Every structure is written in C-alpha cells, then in structure tokens.
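Visitor: Before I ask anything, here is the structure I am working with.
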Amino acid sequence: MATVTTITTVGYGDLSPQTLAGQISTILLLYLLGIALLAQVVGEYIDYRIETREKMAQGRWRWKKMKDHILILNTPSTDRVTYLERLIQQIRNTPGLCEHPVQLLTPSFSDGLPESLKLLGVVHHTALPESSEALINVNLDKAAYVLVLAEDAHDRRSDSCTLDILDHIKRQHVDAYVVAECVHDNNKSRFMQVRADSVLRPVRAYPELLVRALAAPGTEQILENLFTYQGVHAHRFDVSLSGLSWGEVVEKLIRAGVGTPLGYVQQDNKVVTNPGVSEQVKGKAVIVMVNQAYKSNEDIVNEALSC
C-alpha cells in the first residue's frame, strides 16, 4: 500500500489541506497532474513496447548487443522459407554452431518472419545486403560467420551482387569466416580474391554443404566435388570382394594408385560406407574417390586386390 500511495502522490495524511479551496485544489492537482501524468508515462511506455515489437517483426530493429552470430545475407528468390528452415535447422543440429545466434539481412520478410523461422530463434533486418549502412546495422564487425547466398541460383547476375557485398565486407575489415555462393565457376577465384574464405555453388537441395563449410572448413569442397565429374569424384568399380578386411582393401587400392575407398556394395545392393578397419567385406562393388587424371578400371582394381 505504501508503494501505491507514493506513486499516486496521495500522501500519508500527515499534511492535508484544511480549507475548502485547498481541498478542491488538491483534488484537481491530484487528478489532473498526478494520476494523469502517471497514466501518460504508463501509456508512453506501452506505446514504446508496441513500437519496438513492430520494428522487430518488420525487421526495422537494430540488435545492438548481438555478437558472435551467424549472419546470412540475402535469401533465395524461390522457396526461400523452406530452404532457410532446412539451413538453420542444420545449424541448430551442428555442435559448435548451435549456440550461435542467427540473423538474416534481406529485403524479404518486411511484413515479418514466418513462425517456423521464429521458432528456430532467427531474427532479421530488412534492407539490401549490399548496403554498407545495413551491414553496420546487423553488427557485421561482430559476426562469427557470414553466409552470402545467391539470390537466383541460375542467374549469373547474382554473382555481381555477391561481389558487391564481398567488397563491402572487405572494406569493413571483418574477421568473420565468410562463405559465398557462386553461380558461375569462373567467378570463384574473384570471390576469393575479394574476401570470401570459401566459395560454393548454390545447391538448393543440400544446404548441408554450407553448414559443413562453417563447421569443418575444407570438407565442403570435397563434398561439392562429389556432384561433378571433374577433378576428384566418386566412382564405382564392379568387382568381387571377399576374403579381405576393409583395412586391407583400402591399403591395396591406395598403394596401387586407384584412389581412396569410401565404401562397398553388398550382394543385396546395400551400400556400406566407412566400415571398420578389421571388418570382413563381401560384396560386388567398391566405391572409390578417384582423380580424373588417373585412369583406372575393373581390371586394375582386381589386380590390386589380388596382390
């Protein structure tokens, strides 16, 4: 009660008006100045909270205290919500990344983030990512990781936007690890020269590649090569496997210069990847990471395994 009495300025009765004019003046001052002023202060605070929530929802709020976050610049032009859900879910499931806050910088979602992204703890800022002011507003200098997504995975003009963003990042002397998507392979070296630490093709079906680039830099390049038939790629050799341990298979094929075995195919077509070293293998094919420069075939593999 003492708190209410103090806030409303009613007083404790030790001082009180004695005349009728004094009593009327006190009532007027109490209602017009005391309670009205209190109501105004409370109303302004409520308005401030409502305005703050609206700014957060519409991406107009600056998260000044955010640091060590994963900053995602740009969003795909198609199926952006589905892609972001998968990308961020992978981040949340990856040790070493799951504790980092995630912030989006994109002109999309000006009416608010979908509920599915909010539930994943994502916040956003609505602006063009190639704006230096916008990059400052999302605390680029305090980010731990930066992902620069290609807006259109099939349009080379997306690379121009990415180059512009990378140039802004370079000018701000950012220490974050920067991964950029590149539509045209010829631009990869340019991205690396400007600022990118890792460059990947925009493979929309596998956002896991981007997460690998953050969690274990370098592994994403190996995984990306699996999608192409250039340089290093996975190859299947249809040969009979029996009487050998997996360790022996690996040793024989590496010594013969065939490549690095990744797994084998059993008679029932089940693929066994990375089995134990002492595990006895029996199957009809072996899958090997090979280099396009070295030509191997089933005869060479059979000869290597029989040695």
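Visitor: I need the full set of residues from region 167-195 which are touching a residue at least 24 places away in the same chain (Cβ under 8 Å) and more than 20 Å from K67 (Cα to Cα), in order please.
Guide: Residues satisfying the conditions are D167, A180, E181, C182, V183, H184, N187, R190, F191, V194, R195.
Visitor: Being within 29 Å of A293 (Cα to Cα), over 18 Å from the mean Cα position of the chain (by Cα), among the small types (G, A, S) and assigned by TED's automatic domain parsing to the domain that holds S77: is that true of S160 here? Show your work before the answer.
Guide: On the way: within 29 Å of A293 (Cα to Cα): no; over 18 Å from the mean Cα position of the chain (by Cα): yes; among the small types (G, A, S): yes; assigned by TED's automatic domain parsing to the domain that holds S77: yes.
It is false that S160 is within 29 Å of A293 (Cα to Cα), over 18 Å from the mean Cα position of the chain (by Cα), among the small types (G, A, S) and assigned by TED's automatic domain parsing to the domain that holds S77.
Visitor: How many of the residues in region 284-307 are assigned to a helix (DSSP H, G or I), surrounded by 20 or more Cβ atoms within 10 Å (Cβ to Cβ) and touching a strand residue (DSSP E or B) at 6+ places or on another chain (Cβ under 6 Å)?
Guide: 1
Visitor: Could we say that S132 is surrounded by fewer than 16 Cβ atoms within 10 Å (Cβ to Cβ), without any contact (Cβ under 8 Å) to a residue 24 or more places away in the chain and on the phi < 0 side of the Ramachandran plot here?
Guide: no
Visitor: May I ask you to say which residue of V281, V239 is assigned to a strand (DSSP E or B), farther than 30 Å from G96 by Cα, at pLDDT 90 or above and touching a helix residue (DSSP H, G or I) at 6+ places or on another chain (Cβ under 6 Å)? First the steps, then the outcome.
Guide: On the way: V239 fails: assigned to a strand (DSSP E or B).
Testing whether each residue is assigned to a strand (DSSP E or B), farther than 30 Å from G96 by Cα, at pLDDT 90 or above and touching a helix residue (DSSP H, G or I) at 6+ places or on another chain (Cβ under 6 Å) leaves just V281.
Visitor: So which pairs qualify, if the first residue must be in region 82-104 and in the same structural domain as A176 (by TED's automatic domain parsing), the second must be in a loop (DSSP other than H, G, I, E, B) and acidic (D, E), the Cβ gap must be under 9 Å, and the two must be at least 6 apart or on different chains?
Guide: E99/D68; H100/D68; P101/D68
Visitor: If the requirement is being under 21 Å from A293 (Cα atoms), assigned to a helix (DSSP H, G or I), at pLDDT below 95 and not hydroxyl-bearing (S, T, Y), which of these qualifies: L223, L210?
Guide: Numbers: L210 fails: under 21 Å from A293 (Cα atoms).
Going through L223, L210 in turn, just one is under 21 Å from A293 (Cα atoms), assigned to a helix (DSSP H, G or I), at pLDDT below 95 and not hydroxyl-bearing (S, T, Y): L223.
The values are calculated or read from the model by the stated rules, or taken from the named source; none is laboratory data. Model, not experiment: these values are computed from the prediction. In this analysis, Cβ positions are derived from the backbone assuming ideal geometry, glycine residues included, and neighbour counts consider all displayed protein chains.
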